[in-house]
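**Q** Dropping the structure in here first, questions after.
The values are calculated or read from the model by the stated rules, or taken from the named source; none is laboratory data. Model, not experiment: these values are computed from the prediction. FYI the Cβ positions are ideal-geometry reconstructions off the backbone, even for glycines, and counts take in every protein chain you see. SASA here: full protein model, heavy atoms, side chains in, ligands and nucleic acids out. Shrake-Rupley method; radii C 1.70, N 1.55, O 1.52, S 1.80 Å.
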Amino acid sequence: MAMHRELAAVVHELKRLRRQGVDAIPISEETLAQLRKRFPIRPRTELSGAGGAPPPVAASSGLPATTAKPRPSIAKAKPPEPQTPPPPVVTLAGDDKKPQWESLKEQVLSDAFCRSQLKPGKNLVFGVGSLDADIFFCGEAPGAEEEEQSEPFVGPAGKLLTKIIQAMGLSREKVYIGNIMNFRPPLPSAVGNRPPTPEEMAYCLPYLKAQLAIIKPKVVVALGKTAVDGLLGPDPKRRMGQIRGQWQSFEETPLMATYHPSYLLRNESMKAKRMVWEDMLLVMEKVGLPISEKQQGYFK
Ligand code: URA
(Lines give C-alpha, C1' and ligand atoms only; values in the text may rest on other atoms or scores of the structure.)
Protein backbone atom coordinates (compact mmCIF):
# COMPACT_ATOMS: atom_id res chain seq x y z
CA MET A 1 0.00 0.00 0.00
CA ALA A 2 2.78 2.38 1.04
CA MET A 3 4.67 1.42 -2.11
CA HIS A 4 1.58 2.19 -4.23
CA ARG A 5 1.38 5.64 -2.69
CA GLU A 6 5.10 6.24 -3.34
CA LEU A 7 4.78 5.09 -6.94
CA ALA A 8 1.74 7.28 -7.48
CA ALA A 9 3.78 10.24 -6.17
CA VAL A 10 6.67 9.40 -8.52
CA VAL A 11 4.33 9.10 -11.51
CA HIS A 12 2.61 12.36 -10.62
CA GLU A 13 5.96 14.15 -10.40
CA LEU A 14 7.20 12.63 -13.66
CA LYS A 15 4.08 13.83 -15.45
CA ARG A 16 4.52 17.31 -13.99
CA LEU A 17 8.15 17.44 -15.11
CA ARG A 18 7.20 16.26 -18.59
CA ARG A 19 4.65 19.06 -18.83
CA GLN A 20 7.52 21.45 -18.04
CA GLY A 21 9.57 20.10 -20.91
CA VAL A 22 11.96 17.94 -18.85
CA ASP A 23 12.72 14.83 -20.87
CA ALA A 24 15.42 13.16 -18.76
CA ILE A 25 16.01 12.79 -15.02
CA PRO A 26 18.36 10.77 -12.85
CA ILE A 27 16.48 7.83 -11.31
CA SER A 28 17.69 5.10 -9.00
CA GLU A 29 17.79 1.48 -10.15
CA GLU A 30 15.47 0.55 -7.30
CA THR A 31 12.78 3.07 -8.32
CA LEU A 32 13.18 2.03 -11.94
CA ALA A 33 12.69 -1.63 -11.01
CA GLN A 34 9.51 -0.76 -9.03
CA LEU A 35 8.19 1.29 -11.94
CA ARG A 36 8.88 -1.59 -14.33
CA LYS A 37 7.02 -4.02 -12.05
CA ARG A 38 4.06 -1.69 -11.73
CA PHE A 39 3.99 -0.55 -15.37
CA PRO A 40 5.30 -3.46 -17.45
CA ILE A 41 6.28 -2.43 -20.96
CA ARG A 42 3.54 -3.71 -23.26
CA PRO A 43 4.25 -5.16 -26.69
CA ARG A 44 4.39 -2.49 -29.37
CA THR A 45 1.18 -3.68 -31.12
CA GLU A 46 -0.86 -2.86 -28.04
CA LEU A 47 0.63 0.58 -27.67
CA SER A 48 0.61 1.83 -31.23
CA GLY A 49 -1.73 -0.44 -33.11
CA ALA A 50 0.75 -0.32 -35.97
CA GLY A 51 3.80 -2.08 -37.18
CA GLY A 52 3.09 -5.42 -35.44
CA ALA A 53 0.99 -8.49 -36.11
CA PRO A 54 -2.36 -7.80 -37.87
CA PRO A 55 -5.47 -7.78 -35.63
CA PRO A 56 -7.17 -11.16 -35.13
CA VAL A 57 -9.83 -11.87 -37.77
CA ALA A 58 -13.25 -13.41 -36.97
CA ALA A 59 -13.48 -16.80 -38.68
CA SER A 60 -16.95 -16.36 -40.27
CA SER A 61 -17.00 -12.75 -41.45
CA GLY A 62 -13.43 -11.91 -42.38
CA LEU A 63 -13.82 -8.74 -40.27
CA PRO A 64 -11.60 -7.88 -37.34
CA ALA A 65 -12.80 -9.74 -34.25
CA THR A 66 -13.52 -6.55 -32.36
CA THR A 67 -15.66 -3.62 -33.34
CA ALA A 68 -14.10 -1.39 -30.68
CA LYS A 69 -12.39 1.75 -31.99
CA PRO A 70 -8.62 1.37 -32.47
CA ARG A 71 -6.63 2.64 -29.50
CA PRO A 72 -5.12 6.08 -30.04
CA SER A 73 -1.39 5.90 -30.67
CA ILE A 74 0.39 6.68 -27.39
CA ALA A 75 3.79 6.25 -28.97
CA LYS A 76 3.14 9.13 -31.37
CA ALA A 77 1.58 11.51 -28.84
CA LYS A 78 3.32 14.92 -28.79
CA PRO A 79 4.68 15.89 -25.37
CA PRO A 80 2.72 18.78 -23.87
CA GLU A 81 4.31 22.21 -23.96
CA PRO A 82 6.25 23.29 -20.85
CA GLN A 83 4.03 25.20 -18.48
CA THR A 84 6.32 27.93 -17.25
CA PRO A 85 4.34 31.19 -17.19
CA PRO A 86 5.62 34.34 -18.91
CA PRO A 87 8.44 36.04 -16.97
CA PRO A 88 7.38 38.46 -14.23
CA VAL A 89 7.41 42.21 -14.70
CA VAL A 90 9.61 44.05 -12.21
CA THR A 91 9.44 47.78 -11.54
CA LEU A 92 11.91 49.48 -9.27
CA ALA A 93 10.41 52.55 -7.63
CA GLY A 94 12.52 55.50 -6.40
CA ASP A 95 16.30 55.81 -6.28
CA ASP A 96 17.16 54.36 -2.89
CA LYS A 97 18.82 50.98 -3.14
CA LYS A 98 17.67 49.58 0.19
CA PRO A 99 13.87 49.99 -0.26
CA GLN A 100 14.20 48.91 -3.90
CA TRP A 101 16.04 45.76 -2.86
CA GLU A 102 13.64 45.02 -0.02
CA SER A 103 10.55 45.34 -2.18
CA LEU A 104 12.20 43.21 -4.90
CA LYS A 105 13.04 40.56 -2.31
CA GLU A 106 9.44 40.58 -1.15
CA GLN A 107 8.20 40.18 -4.72
CA VAL A 108 10.56 37.25 -5.33
CA LEU A 109 9.83 35.44 -2.09
CA SER A 110 6.09 35.65 -2.69
CA ASP A 111 6.22 34.72 -6.40
CA ALA A 112 3.43 32.15 -6.83
CA PHE A 113 5.10 30.21 -9.66
CA CYS A 114 8.47 30.00 -7.88
CA ARG A 115 6.71 28.93 -4.69
CA SER A 116 4.78 26.25 -6.56
CA GLN A 117 8.10 24.63 -7.49
CA LEU A 118 9.14 24.08 -3.88
CA LYS A 119 8.73 20.93 -1.84
CA PRO A 120 6.96 21.43 1.50
CA GLY A 121 9.09 23.25 4.07
CA LYS A 122 11.68 24.45 1.52
CA ASN A 123 12.45 28.08 0.69
CA LEU A 124 13.05 30.37 -2.23
CA VAL A 125 16.50 31.95 -2.35
CA PHE A 126 17.27 35.62 -3.02
CA GLY A 127 20.68 37.31 -3.33
CA VAL A 128 22.76 38.42 -0.34
CA GLY A 129 25.59 40.85 0.30
CA SER A 130 26.45 44.51 -0.07
CA LEU A 131 24.15 46.67 -2.16
CA ASP A 132 27.25 48.73 -3.00
CA ALA A 133 29.33 45.75 -4.03
CA ASP A 134 31.76 46.12 -6.91
CA ILE A 135 31.63 42.40 -7.62
CA PHE A 136 28.44 40.41 -8.23
CA PHE A 137 28.95 36.64 -8.15
CA CYS A 138 26.22 34.89 -10.09
CA GLY A 139 25.62 31.16 -9.73
CA GLU A 140 23.12 28.83 -11.29
CA ALA A 141 20.48 27.67 -8.83
CA PRO A 142 20.03 26.90 -5.15
CA GLY A 143 20.83 23.38 -4.00
CA ALA A 144 19.64 21.42 -0.96
CA GLU A 145 21.38 23.53 1.71
CA GLU A 146 20.48 26.79 0.01
CA GLU A 147 16.74 26.03 -0.16
CA GLU A 148 16.91 24.91 3.45
CA GLN A 149 18.56 28.12 4.68
CA SER A 150 17.13 30.50 2.05
CA GLU A 151 20.64 31.78 1.26
CA PRO A 152 22.76 31.31 -1.87
CA PHE A 153 26.02 29.37 -1.79
CA VAL A 154 25.98 27.97 1.73
CA GLY A 155 26.61 24.30 0.83
CA PRO A 156 29.96 22.72 -0.07
CA ALA A 157 30.34 24.77 -3.29
CA GLY A 158 29.39 27.87 -1.33
CA LYS A 159 32.06 27.21 1.28
CA LEU A 160 34.63 27.05 -1.49
CA LEU A 161 33.28 30.25 -3.04
CA THR A 162 33.61 31.93 0.37
CA LYS A 163 37.28 30.84 0.51
CA ILE A 164 37.91 32.26 -2.96
CA ILE A 165 36.29 35.56 -1.93
CA GLN A 166 38.47 35.64 1.21
CA ALA A 167 41.59 34.89 -0.83
CA MET A 168 40.73 38.01 -2.83
CA GLY A 169 40.93 39.98 0.44
CA LEU A 170 37.14 40.36 0.64
CA SER A 171 34.26 38.81 2.59
CA ARG A 172 30.80 37.62 1.66
CA GLU A 173 29.43 40.86 3.15
CA LYS A 174 31.54 43.03 0.83
CA VAL A 175 30.44 41.36 -2.42
CA TYR A 176 27.00 40.37 -3.71
CA ILE A 177 26.05 36.75 -4.31
CA GLY A 178 23.01 35.68 -6.30
CA ASN A 179 21.76 33.01 -8.65
CA ILE A 180 19.98 32.96 -11.98
CA MET A 181 17.29 30.84 -10.31
CA ASN A 182 15.39 31.60 -7.14
CA PHE A 183 14.19 28.04 -6.62
CA ARG A 184 15.92 24.69 -6.64
CA PRO A 185 14.93 23.02 -9.93
CA PRO A 186 12.47 20.36 -8.76
CA LEU A 187 13.14 16.64 -8.97
CA PRO A 188 10.87 13.84 -7.77
CA SER A 189 13.35 12.87 -5.07
CA ALA A 190 14.80 15.06 -2.33
CA VAL A 191 18.36 14.24 -3.40
CA GLY A 192 20.25 15.26 -6.51
CA ASN A 193 20.23 18.43 -8.55
CA ARG A 194 19.41 19.10 -12.15
CA PRO A 195 20.30 22.11 -14.25
CA PRO A 196 17.45 24.56 -14.77
CA THR A 197 15.66 24.48 -18.12
CA PRO A 198 15.98 27.52 -20.42
CA GLU A 199 12.31 28.32 -19.64
CA GLU A 200 12.92 28.25 -15.90
CA MET A 201 15.95 30.52 -16.30
CA ALA A 202 14.02 32.90 -18.55
CA TYR A 203 11.34 33.10 -15.86
CA CYS A 204 13.76 34.09 -13.06
CA LEU A 205 16.04 36.32 -15.16
CA PRO A 206 14.07 39.58 -14.60
CA TYR A 207 14.70 39.14 -10.87
CA LEU A 208 18.43 38.80 -11.41
CA LYS A 209 18.49 41.76 -13.79
CA ALA A 210 16.66 43.86 -11.22
CA GLN A 211 19.27 42.98 -8.56
CA LEU A 212 21.99 44.05 -10.99
CA ALA A 213 20.12 47.27 -11.76
CA ILE A 214 19.99 48.08 -8.03
CA ILE A 215 23.55 47.14 -7.15
CA LYS A 216 25.24 48.36 -10.33
CA PRO A 217 28.41 46.32 -9.76
CA LYS A 218 31.61 47.04 -11.64
CA VAL A 219 31.90 43.37 -12.60
CA VAL A 220 29.69 40.28 -12.83
CA VAL A 221 31.38 36.93 -12.26
CA ALA A 222 29.36 34.16 -13.91
CA LEU A 223 30.06 30.88 -12.14
CA GLY A 224 29.84 27.96 -14.54
CA LYS A 225 28.36 27.33 -17.94
CA THR A 226 24.71 27.37 -16.87
CA ALA A 227 25.08 30.83 -15.34
CA VAL A 228 26.89 32.02 -18.48
CA ASP A 229 24.14 30.60 -20.69
CA GLY A 230 21.46 32.14 -18.48
CA LEU A 231 23.08 35.57 -18.69
CA LEU A 232 24.44 35.64 -22.23
CA GLY A 233 21.87 33.34 -23.83
CA PRO A 234 22.45 29.69 -24.75
CA ASP A 235 25.12 28.90 -27.33
CA PRO A 236 25.75 25.22 -28.09
CA LYS A 237 29.24 26.08 -29.34
CA ARG A 238 30.27 27.88 -26.16
CA ARG A 239 32.97 26.12 -24.13
CA MET A 240 34.01 27.31 -20.68
CA GLY A 241 37.63 26.57 -21.54
CA GLN A 242 37.42 29.07 -24.37
CA ILE A 243 35.53 31.93 -22.78
CA ARG A 244 36.89 31.94 -19.23
CA GLY A 245 39.57 34.51 -18.54
CA GLN A 246 38.18 36.87 -21.18
CA TRP A 247 35.97 39.85 -20.65
CA GLN A 248 32.44 39.63 -21.96
CA SER A 249 29.66 42.03 -21.16
CA PHE A 250 26.18 41.67 -19.73
CA GLU A 251 24.01 44.72 -20.37
CA GLU A 252 27.12 46.92 -20.38
CA THR A 253 28.58 45.47 -17.19
CA PRO A 254 31.89 43.64 -17.71
CA LEU A 255 31.37 39.92 -17.18
CA MET A 256 34.02 37.35 -16.29
CA ALA A 257 33.04 33.73 -16.82
CA THR A 258 34.85 31.19 -14.70
CA TYR A 259 34.43 27.60 -13.55
CA HIS A 260 31.77 26.86 -10.95
CA PRO A 261 33.18 26.02 -7.48
CA SER A 262 31.39 22.65 -7.64
CA TYR A 263 33.49 21.87 -10.71
CA LEU A 264 36.59 22.52 -8.60
CA LEU A 265 35.23 20.19 -5.93
CA ARG A 266 34.75 17.44 -8.50
CA ASN A 267 38.00 18.12 -10.29
CA GLU A 268 40.85 18.23 -7.82
CA SER A 269 43.44 19.27 -10.42
CA MET A 270 45.66 22.26 -9.67
CA LYS A 271 45.15 23.43 -13.23
CA ALA A 272 41.43 24.14 -12.77
CA LYS A 273 42.07 25.93 -9.46
CA ARG A 274 44.83 28.00 -11.04
CA MET A 275 42.54 29.04 -13.89
CA VAL A 276 39.82 30.22 -11.52
CA TRP A 277 42.39 32.14 -9.49
CA GLU A 278 43.79 33.77 -12.64
CA ASP A 279 40.24 34.85 -13.52
CA MET A 280 39.82 36.32 -10.03
CA LEU A 281 43.09 38.26 -10.38
CA LEU A 282 41.66 39.82 -13.55
CA VAL A 283 38.50 40.69 -11.65
CA MET A 284 40.51 42.25 -8.80
CA GLU A 285 42.51 44.29 -11.29
CA LYS A 286 39.33 45.46 -13.04
CA VAL A 287 37.70 46.73 -9.84
CA GLY A 288 40.94 48.33 -8.57
CA LEU A 289 41.61 45.98 -5.65
CA PRO A 290 45.22 45.86 -4.45
CA ILE A 291 46.97 42.61 -5.39
CA SER A 292 49.78 41.52 -3.09
CA GLU A 293 52.79 39.50 -4.21
CA LYS A 294 51.44 36.61 -2.20
CA GLN A 295 48.11 36.77 -4.06
CA GLN A 296 49.92 37.14 -7.36
CA GLY A 297 51.96 34.04 -6.68
CA TYR A 298 49.35 31.69 -5.15
CA PHE A 299 49.66 29.18 -7.95
CA LYS A 300 53.15 29.95 -9.21
N1 URA B 1 25.35 26.31 -6.75
C2 URA B 1 24.85 27.45 -7.29
O3 URA B 1 25.00 27.69 -8.48
N4 URA B 1 24.23 28.28 -6.47
C5 URA B 1 24.07 28.08 -5.18
O6 URA B 1 23.48 28.90 -4.50
C7 URA B 1 24.60 26.89 -4.66
C8 URA B 1 25.23 26.02 -5.45
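**Q** Conditions: (1) more than 13 Å from CYS204 (Cα to Cα); (2) open to solvent by 30 Å² or more (accessible area, probe 1.4 Å). ALA133 meets all but one. Number of the miss?
**A** Tallying (1) more than 13 Å from CYS204 (Cα to Cα); (2) open to solvent by 30 Å² or more (accessible area, probe 1.4 Å), ALA133 fails exactly one: (2).
**Q** Pairs only if they're at least six apart or on different chains, beta carbon under 6 angstrom, first in segment 134-148 and part of a loop (DSSP other than H, G, I, E, B), second modelled with pLDDT under 95 and within 9 Å of the ligand (Cβ to nearest atom); list them, first residue then second.
**A** What qualifies is GLY143/ASN193.
**Q** Which residues, counting only those in segment 258-278, are over 23 Å from VAL154 (Cβ atoms) and among the hydrophobic types (A, V, I, L, M, F, W, C)?
**A** From segment 258-278, those over 23 Å from VAL154 (Cβ atoms) are 269-271, 274-275, 278; that's our starting set.
MET270, MET275, listed by residue number.
**Q** Now for a separate question. When segment 136-145 is examined, which residues are found to be within 13 Å of the ligand (Cβ to nearest atom) and open to solvent by less than 20 Å² (accessible area, probe 1.4 Å)? Let's see the steps before the verdict.
**A** Of the residues in segment 136-145, the ones within 13 Å of the ligand (Cβ to nearest atom) are 137-145.
Scanning segment 136-145 gives PHE137, CYS138, GLY139, PRO142, GLY143.
**Q** Residue by residue through segment 98-130, note down the ones that are at positive phi and either aromatic (Phe, Trp, Tyr) or open to solvent by less than 60 Å² (accessible area, probe 1.4 Å) (or both). Walk me through it before giving the result.
**A** Going through segment 98-130, the residues at positive phi turn out to be 121, 129.
Selection gives GLY129 alone.
**Q** Can you find a residue that is in contact (Cβ under 8 Å) with a residue 24 or more places away in the chain, within 16 Å of the ligand (Cβ to nearest atom) and open to solvent by less than 30 Å² (accessible area, probe 1.4 Å) anywhere in segment 83-97?
**A** No, segment 83-97 contains no residue that is in contact (Cβ under 8 Å) with a residue 24 or more places away in the chain, within 16 Å of the ligand (Cβ to nearest atom) and open to solvent by less than 30 Å² (accessible area, probe 1.4 Å).
**Q** Considering only segment 149-169, how many residues are open to solvent by less than 30 Å² (accessible area, probe 1.4 Å) and assigned to a loop (DSSP other than H, G, I, E, B)?
**A** 5
**Q** Do we have LYS159 as of a type in the set (Lys, Arg), farther than 25 Å from MET280 by Cα and modelled with pLDDT of 95 or more here? Before you say what the answer is, go through the steps one by one.
**A** On the way: of a type in the set (Lys, Arg): yes; farther than 25 Å from MET280 by Cα: no; modelled with pLDDT of 95 or more: yes.
In short, no.
**Q** Here's something else I'd like to know. Can you confirm whether segment 163-170 contains a residue that is free of Cβ contacts under 8 Å to residues at least 60 places away in the same chain and small (Gly, Ala, Ser)? Spell out the reasoning first.
**A** Residues of segment 163-170 that are free of Cβ contacts under 8 Å to residues at least 60 places away in the same chain, as a first pass: 163, 165-166.
With small (Gly, Ala, Ser) added as a condition, the list becomes none.
No, segment 163-170 has no match at all.
**Q** Further question on the same structure: Can you find a residue in segment 231-249 that is without any contact (Cβ under 8 Å) to a residue 24 or more places away in the chain and within 15 Å of the ligand (Cβ to nearest atom)?
**A** yes
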